[in-house]
1. If you put +1 on each Lys and Arg Cβ and -1 on each Asp and Glu Cβ, how big is the dipole of region 526-611 around its Cα centre, in Debye rounded to 20?
2. If you roll a 1.4 Å probe over the heavy atoms of the protein chains, what accessible area per residue do you get for the chain, in Å²?
3. Among rounded, prolate and oblate, which fits the chain when a ≥ b ≥ c are the square roots of the eigenvalues of its C-alpha gyration tensor, a/c under 1.5 means rounded, and a/b larger than b/c means prolate?
4. Near the amide H of Gly273, under 5 Å away, which other amide H atoms are found, from residues 5 or more places off or on another chain, if H is placed in the peptide plane?
5. Could you pull out the GluC sites (Glu not before Pro) across region 399-469 that fall in loop regions by DSSP (anything but H, G, I, E, B) with no more than 16 other Cβ atoms inside 10 Å?
6. Listed highest first by mean packing, meaning other Cβ atoms within 10 Å per residue, what order do 512-525, 79-92, 639-652, 545-558 come in?
7. Between Met767, Thr778, Leu724, whose Cα lies farthest towards the positive end of the dipole of region 667-782 when Lys and Arg beta carbons carry +1 and Asp and Glu beta carbons carry -1, centred on the Cα centre?
8. Charges on Cβ only, +1 for Lys and Arg, -1 for Asp and Glu, centred on the Cα centroid of region 47-172; of Pro159, Ala67, Ala132, which one is farthest towards the dipole's positive end?
Amino acid sequence: MGRRILIVLLLPPIVAALSGLLWLHSSLPPLRPARIVQGITAPVRIARDVIGIPTITAENDLDAAFALGYVHAEDRLFQMDAQRRYGAGRLAEWFGPRTLDADKMMRTLGLARAAERQLRELPEEVQAAFQAYAAGVNAFIADRRWALPPEYYLLRVRPEPWRAVDTLIWGKLMAWQLAGNYRGELVRARILEHVKPDEMPILYPSYPKDGPVILSAMAPIYRSLPLGPLLALMPALEEPVRASNNWVVAGNRAASGKPVLANDPHLGLDAPGIWYLVHIATPAHKIEGGTMAGAPIVLVGHNEHIAWGLTNTGSDVSDLFVEKLDPDDPGKYVTPDGSRPFETRTETITVKDAPPVQLTVRETRHGPVISDLARPGQQVAQPGYVMALQASYLMDGDRTPQALWEMNRAVDWDSFQSALGNFGAPEQNVVYADVDGHIGFMAPARVPTRAGGDGWVPSPGWTGEFDWTGWIPSDAMPRVLDPPAGRIVTANNKPVQDGFPYFLGRDWDSPYRAERIAALIDQRAQHSLDSMAAIQRDIYSPMAEQLLPMMLSTLATTPQARAAIALLKGWDRRMDKDKVEPLIFTAWLRDFNRAVFANRLGTAFDDYWSLRPEAIAGILTAHQDWCDDRILTVPKTCAEQLSGSLLSALDELTAAYGPDMDEWRWGRAHPAEFNHRVFDAVPILGRYVDTSIPADGGQDTINRGGFDVRGSTQPYRDTLGPGLRMVIDMADPDHAHFMIVPGESGNPLSEHYADLIRPWRDGYTLMIDTRNPVAVETLSPP
């Protein structure tokens, strides 16, 4: 009797739960094999392969854009929706007060307003494509017979119709995130509160010879600016953003006789991932590669004539200006031509479960006043000053969407150059190959020319001496066609020689990856898809090669330290997940940075803290006085600091992984984690959808495994890596090799949500199967 009663009690909730789960599974594509939709002119076929990758066959570009919007929505609707809300400053409508700071930042920057102006400036053909894409997204949203992605039910919200401008908001958000020099300016200004201007070259070895002269004039103001609160509101982008690889070799260096191109952009690791693969076929084009859900563009890929790959250049397209208030009227600020009133607007932010928030945004002639973002009581500019941001992507005339749309349809070098002549921001290193045997490189963008200075630190805005005066001419931007070396390599390194007539920037990444790629290319006379993919998997650490000889001379004072030194002396410098040496080296270098810089930099240290190999090499060779941190009563040498840092690192590793060094592994400390930002906040659901896997690679390896050493619990967790890999032989571009992570779908209920994590980690690639679909949908007009 008791058992029957228990069954009666439990059966209804079990049935309800199973019914709900079955209902949620109805959100997975294909919803049904055929559907009538408004917005296309002819039937469109969507065929998915065994990995879930769609092949779209359409009669024209607009119908193909519609279908791409449709499949993006099928697989990634919530991701798209969250991204547009982030860029528009509307997250608090869903998530409440915890996202209010992010919304205030976006409303202050005015990304949505800039996107609306940008849409009006685009040619009618491109506007029509973005409208068609939006119609495809909305065709999916409008079908209420099927479930929405599960996040909507968890948050109890519904998607709004997609607009063409929402795609452009996504583009502006990417530009803001990738063109992160403004954050570096804040970090350096804050450091100047603690060190002398002439010490900056030690912290930043690429620092120019005339730097201290420029800095000296502003250093007193920086020391009086409490910049920490403002910096805390900015995304931590200064280091991780510089991490992607692309290269191309000419046909005479390829086994096939045609160019071979490789690309692996490195961005944050999340679930769902950033990249979405697709093949698009129309009577005019065959376009294939990596898209980002939210836009009808193949960002990395090929058509039947050419192939292209992107890495972030890192040129300086944003500057911070310290504006001086008019002492007689704080509603005005000083310009070279006298006082001028702020332009103001009021933004109303809707907040879930809280009253709406009114935000007053002020703008100067340079741009929005970001120092007003401080919370009450947190001053970010001394009395009499505010700080404004000028950025190319916030200004009119940015036709980047047009450039990308036309690049997808270019047929040769001339049409490729013509398309990218419209590119605005953020500047990209674009490598090129075509079926006729040509290889090339362009770094297109609207990069400002300045009356003075170089925008490396916040500049005085009231004098006009550092104002932007125009743009570097498009035809003067870096480019090359068929270089004699027969190869082109970019890895966020400096793109031009010192004699280049215009200033692009100087926040380039160390040349470790670029030099390693070039060396591996030159080891072989000819290359293939396999040899290029092997280079992408390379985990050799040039940083360890450079620094370990300086570090291993340290005195080992304990048996554990002596064992660690012995291991490092025999290490092959590969950041192998199954080895202990990468963990010991990285932890040691992390702690040595802390020992050398923490006391000198004070409250600015956390923002500077990284592995800093160039600064460390300079200190160990030319500036050993920096090993005495000025605070200790008894001065310390670099040898003593190295010894102490090793002991400290070993103690931390012992506490985290146990006393047996043989049990330590780099992959245990360095897992690649793919966390869902919504479900991760729900403990049970988070455990169900979050996935991690021990990973190879480090900060400087070609196969990047980036991490944030500032983390107190997981300082080596792999948070940034090659979310997409691509290798294309122009002898047979239809058989290009790809890999994305964690999977094609953004729906946690899908079998393709995280099915590519292990193949990605282990270096496998896939080809988009256009001939053997496992599911087919047909969209037809009325």
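The values are calculated or read from the model by the stated rules, or taken from the named source; none is laboratory data. Because the structure is a prediction, the values reported are computed rather than measured. Counting neighbours? That spans all protein chains shown, and the Cβs are built from the backbone with ideal geometry, glycine included. All accessible areas refer to the heavy atoms of the entire protein, side chains included, with ligands and DNA or RNA removed. Shrake-Rupley method; radii C 1.70, N 1.55, O 1.52, S 1.80 Å.
1. Taking the Cα centre of region 526-611 as origin, the dipole is about 260 debye.
2. Working: 29840 Å² over 782 residues.
Averaged over the residues of the chain, the accessible area is 38 Å².
3. Numbers: a/c = 1.32, a/b = 1.21, b/c = 1.09.
Rounded shape, in that the Cα axes give a/c under 1.5.
4. Under 5 Å from the amide H of Gly273 lie the amide H atoms of Gly743, each far enough along the sequence or on another chain.
5. Details: sites: Glu406, Glu427, Glu465; in loops: Glu427, Glu465.
Here the GluC sites (Glu not before Pro) that fit, given the DSSP loop and packing criteria, are Glu465.
6. Working: 512-525: 17.6, 79-92: 22.7, 639-652: 19.2, 545-558: 15.3.
Taking the mean over residues of other Cβ atoms within 10 Å, the ranking is 79-92, 639-652, 512-525, 545-558.
7. Leu724
8. In region 47-172, that residue is Pro159.
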